[in-house]
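The values are calculated or read from the model by the stated rules, or taken from the named source; none is laboratory data. Not measured: the values here are computed from a predicted model. All Cβ positions, glycine included, derive from the backbone under ideal geometry; neighbour counts span all protein chains shown. The protein model used for the area step is the full one, side chains on, heavy atoms only, and it has no ligands, DNA or RNA in it. Shrake-Rupley method; radii C 1.70, N 1.55, O 1.52, S 1.80 Å.
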Amino acid sequence: MNKILSIAAFLFCTIYSYGQKISVQQIATPDAAMATKMKSAIATLHLDTLQGAVSVLYSKNYKVRAETIQSMVEKCATFYEPKFPDVKFSLQVMILDKEAWQKIHLEEYGSPYGMPTSKDRLNKLFIAADKSAVNKLFGVNESINPDSLSEFDCVALHELGHIFLKRYNHTFTHSLWADEFLASYFAICFFEEHKNYPGLPQVGETGYQPKYKTLVDFERLYSNVGARNYGWYQGRFQELGYKLYPKFKVELLRKFIANYSPGGKQLPPLVLLQQLAPEIMNQWLKEMK
């Protein structure tokens, strides 16, 4: 399935679009001190609790929003746990108002209020409680319904994909592009089997000519390619995911996990994918030059 890349200046790139530049090294190697600082700040928050297979802490007056997000995350966990019996989705989801978001330094570390984000060191997923902030961040003009999900809320499962791979399966590709591709592929596998959800946003811009196109440039610059160019890259990673999904489905995630496990071949992600699907990869790479 090849989605048309249609949303202009999609702000998937939280760091760049918020006007902060965090180095590629900081992204590749998360700061333990940052995690400690955030953990201490989280302990000072006064939040309500929603029990369930996936626990949720939420800011007061946002119970409906918390239940809606919890339902999606739990359904995703239910989808994946039988396929990966060694994995237990033990994360905590935090549905926060802007004051709480700022108190735990999420904006300080490059995540503007409204953007779903995750911290695999903390095993936590962070979602904005105020849905109007999500719409404002993404430039969407639509009525606010707290018990419904938008495409932009569904980015939460891309973020969950990062936790699934890095924390639960210790899958470190040492490649920024592969990490982003796999996180989206994780979400795509779920949404392709659950069509009642909006699915991931269609990122990028129709007709946009990016300054940077190669994977080498993405590794070198990451978010510093600029918000529009970063959106183009994310669109390309999603496109690759939709092309590979019919052939591999969830098995592709297993192959990556096995490759990077102790005793695995440790093949670079591009080499692995070219071995698995040479025709798809060769065609895809032609547009990445």
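Observations on the model:
- Of the chymotrypsin sites (Phe, Trp or Tyr not before Pro) found in the stretch 151-195, those that fall in a DSSP loop while having at most 13 other beta-carbon atoms within 10 Å are PHE172.
- Beta bridges by DSSP in the stretch 92-227, antiparallel share as percent, to the nearest 5: 40 percent
- Extended-chain gain in nm, criterion 0.36 nm per residue less alpha-carbon gap, GLU279 and LEU267: 2.5 nm
- Relative packing of peptides 254-261, 121-128 - highest average C-beta neighbours within 10 Å first: 121-128, 254-261
- For the chain, the convex hull spanned by the alpha carbon atoms encloses 125 Å³ per residue.
- Separation of the alpha carbons by more than 22 angstrom is noted, of LYS63/LYS195; LYS124/LYS265; LYS103/LYS124, for LYS63/LYS195; LYS124/LYS265.
- Relative frequency of Cα-Cα separations exceeding 22 Å in the stretch 74-189, percent: 35 percent
- For the chain, the antiparallel share of DSSP beta bridges with both residues in that region comes to about 40%.
- VAL134 sits with roughly 0 Å² accessible to a 1.4 Å probe, with DNA, RNA and ligands left out of the calculation.
- Relative intensity, log₁₀ I(q)/I(0), of the stretch 121-260 from a Debye sum that treats every alpha carbon as a point, q = 0.13, 0.18 Å⁻¹: -0.62, -1.19
- Taking amide H positions as modeled 1.01 Å from N, with prolines and chain starts lacking one, the residues under 5 Å from THR117 and 5 or more places away or on another chain are PHE126.
- Taking all protein chains together, ASP97, ASP179, ASP153 sort by accessible area into ASP97, ASP179, ASP153, largest first [probe 1.4 Å].
- Gained length - PHE79 relative to TYR242, 0.36 nm times residue gap less alpha-carbon distance: 56.8 nm
- Here is what passes the span test in the chain: the DSSP H helices with alpha carbon length of 20 Å or more along the helix axis and a Kyte-Doolittle mean of 0.5 or above are 176-193.
- Amide N of the stretch 159-193 lying under 14 Å from the label point, which is placed 7 angstrom from the Cα of GLU219 along Cα→Cβ: 173-180
- Label point distance in nm, GLN209-ASP147, each placed 7 Å from Cα along Cα→Cβ: 5.0 nm
- Compactness of the stretch 209-289 is given as radius of gyration and Dmax, 13.8, 42 Å, from Cα positions.
- Heavy-atom surface of the chain, accessible at 1.4 Å and reported per residue (Å²): 44 Å²
- Cα-projected label distance for ASN123 with LYS136, points at 7 Å along beta-carbon direction, nm: 3.4 nm
- Of LYS75/LYS131; LYS166/LYS243; LYS37/LYS88; LYS136/LYS289; LYS98/LYS211; LYS213/LYS249, pairs whose Cα-Cα distance is over 28 Å: LYS136/LYS289; LYS98/LYS211
- Stretch in the chain that is longest and holds no GluC sites (Glu not before Pro) that DSSP places in a loop and that have at most 14 other beta carbons within 10 Å: 143-286
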